[in-house]
Structures are given as structure tokens and as C-alpha cells.
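The values are calculated or read from the model by the stated rules, or taken from the named source; none is laboratory data. Every value quoted in this text rests on a predicted model; they were computed, and no experiment measured them. Note that each Cβ is placed from the backbone with ideal geometry, even for glycine, and that neighbours are counted across all protein chains shown. Heads up: the accessible areas ignore ligands, DNA and RNA and are worked out on the full protein's heavy atoms, side chains in. Shrake-Rupley method; radii C 1.70, N 1.55, O 1.52, S 1.80 Å.
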Amino acid sequence: MKQSSVFEYASDNKRYHTWNYHLRNHFGHKVFKVALDGGFDCPNRDGTVAHGGCTFCSAAGSGDFAGDRGDDLVTQFDKIKQKMHKKWKDGKYMAYFQAYTNTHAPVEVLREKFESVLNQEDVVGLSIATRPDCLPDDVVEYLAELNQRTYLWVELGLQTVHERTALLINRAHDFQCYVDGVNKLRKHGIRICSHIINGLPLENNEMMMETAKAVARLDVQGIKIHLLHLLKGTPMVKQYEKGKLEFLSQEDYVSLVCDQLEILPPEMIVHRITGDGPIDLMIGPMWSVNKWDVLNSIDAELKRRNSYQGKFYQKEEVQLS
């Protein structure tokens, strides 16, 4: 890919394909996510596949900034929408079912919840966070139906391709399960966003790069690159206390993310490139709280390198070990 082609989509001065830029170009105006708690559980918590959940996951099911599950979905939507409008006066909405596992229920329950939000004024799309082991055929068929009626994304948490780490964090599914989930959705043309986490226990830079390379080879259309942040009350605190977890420095994280961006397909949409948590629950790394400093540092490092997303991308087939 010629360097100039990367900047054909990067008119927002980013050297990677940002989610905000993609939405503005797709819809022609500002679109922002409204994060919701649909009241679901997780198969990794309720005993369907395991107990305790992933060791990094908070009591809110990674939906710490989502709506209050004590409110019905329409009330959640209205409250968060109003908060968002304090920052952006105009815009339309993408309903984001964020907390826990949002296909872990019978289809009739999913239909009731998803449709109640899709029927709200100016909702132009739907984003559903789930696990690859919660995609039975009838659920996939309903998602395929939704994909014909609205702008749909399904977000799948991969986190790592390394089975040793997956066991350590109690992910409770293997990489093959993830590949199978991707294939199920892509048969229907459903857009997929893969989540990965940098800084998981006992992983080094090479291992984190291997996870990014695997995502680059998968048939997925987007990626969320998360920084592991340790929250009070999560099972991972015990791993931290046993010395199995060492926080990445901001400098190392920025360098790693730039390395990962360089090997991703240039057309892959980068939905997120860092992570933070509620300040009152944070154990570390505390530098992650200053999100804009992290984002600006990534921009500066790419510029320093004269680099961009996809600079070293090479298309390959997924190889399973």
C-alpha cells in the first residue's frame, strides 16, 4: 500500500482508520454510542460454561459506563442520550449493548430488548457485545435479520490468542471457538469488532503482537485495542498480589499500539485504542486515566515514525496451533 492512500481516509489527522471518521463518512453526520445494560448475565459467571467470570471483568460486566440496569432500556437510553448532548448538540445514535453477554438469552428475549431501543427516534444502528460461545443458530439468524434492517456490529471479546493466558484469565473458551463464531457471523455479512487486551498477566510484547497479527488475518472489520486496567474487586487483584501482573508503562503501551497498527489491514476500523476505568475503582496503571494524553502520544509516535495503519500489513490465512 502506498503511503498516500492511508491519508485518503485520515482527514481527521489520524494515521489510523478511526471509528469516528468511519461513522461520519458512513452516515454523513455525527453518530455516538449510547451504552446500555440490557440486564443479561454471562455464561462465564452463571455456571453455563464457568463461574467467576474473566479475572479482569468488573462487577458491572465491563459495562462500568453503561446505563443503570435498574432502569428500563428506554429510560437508560434517554438519560445517557441527554448526557451525550451536553458534549455534542447534534447527532444520531447507535445503541450499544455493552454490559455482560448480550446474546446470552432466548431469541424472544433478545428481540424484545433490541427492538425496544431500535424503535427510538434517530437510532441508526446497533452494537452488541457478546462471546463467541453464545451464538446458537437461532440467535445468528435473528442477528442476520437485524443486519438487513439496521447498521449492525457484533463485538466479540478475543483478548488473546494464547491458551495459557486464556486459562489464567478464565476466559472459558479457546481460539478455535472464536474463529467458529467469526465464521458464523460472516456467513451473513455481519460486521465484527474484535477486542484484544494489551498487558494481560505474564504476556510479553511478542505475545501481544501475535494476538494482533491473528486479528489482522481474521475476517473481521473492526478492532478494539484495550489497555488492561486493574479494578478493585476483580479476581485479577489476587494475580496482581501474587506477582503475575506487571503494569505496562505509557511509553511501552504507546510503542506497542503503534507496532500493532502497522500490521493491521488499512481498512480495518479502529473502534478503540486505549482503555480506562472508573477512577474510584482503579488500582492501575494510573496514567491510563488521562485518556487524551495517551491518544495524543500515539498520534505523535506514528508521526515520529512517519508511519500509519497497515504499513507492514501482509494478508495471510489464519493458522491455528
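Some points to look at:
- Estimated inter-spin distance, E141 and D174, nm [label 7 Å along Cα→Cβ]: 2.9
- The chain: translational diffusion in µm²/s, Stokes-Einstein, Kirkwood Rh over Cα pairs, 25 °C, 0.890 mPa s: 122
- Interchain or long-range residues, amide H under 5 Å from L36's placed H: G67, Y96, F97, Q98, A99
- Value at 222 nm in deg cm²/dmol, rounded to 500, when DSSP H runs of n ≥ 4 in the chain each add -39,500 (n - 2.57): -11000 deg cm²/dmol
- Ligands, DNA and RNA left out, the accessible area of the chain computed with a 1.4 Å probe is 48% carbon and sulfur.
- Each Cα pair of the stretch 199-251 feeds into the Kirkwood radius, which the Stokes-Einstein equation turns, at 20 °C and 1.002 mPa s, into a diffusion coefficient of 167 µm²/s.
- Here the peptides 252-265, 207-220 are ranked by packing, the mean other Cβ count within 10 Å, and the order with the highest first is 252-265, 207-220.
- Debye, to nearest 20: dipole size of the stretch 60-184, +1 on Lys, Arg Cβ, -1 on Asp, Glu Cβ: 620
- Options I298, Y93, S249, ranked by Cα towards positive dipole end of the chain, top entry (Cβ charges): I298
- Remark: the stretch 120-269 carries 37 Å² of accessible area per residue (probe radius 1.4 Å; ligands, DNA and RNA excluded).
- Table column - 3J(HN,Hα) (Hz), the stretch 269-284, Karplus curve with 6.51, -1.76, 1.60, x for Gly and Pro: 8, 8, 6, 8, 9, 7, x, 8, x, x, 4, 6, 9, 6, 9, x
- Placing +1 on each Lys and Arg Cβ and -1 on each Asp and Glu Cβ, with no other charges, gives the chain a dipole about its Cα centre of roughly 840 debye.
- 16 Å tail of the calculated P(r), the stretch 264-309, as % of Cα pairs: 52
- Here the Kirkwood formula, the inverse mean of 1/r across different C-alpha pairs, assigns the stretch 94-152 a hydrodynamic radius of 11.6 Å.
- Positive-end residue of M208, V139, L185, charge dipole of the chain with Cβ unit charges: M208
- Close amide-amide hydrogen proximity is noted between L264 and G310, each under 5 Å apart and 5 or more residues distant or on a separate chain (H modeled in the peptide plane; Pro and chain starts excluded).
- Ordering M286, F312, I273 by the projection of their Cα atoms onto the charge dipole of the stretch 272-316, which places +1 on the Cβ of Lys and Arg and -1 on the Cβ of Asp and Glu, puts F312 at the extreme positive end.
- Kirkwood Rh, Cα atoms: Rg over Rh of the stretch 189-321: 0.98
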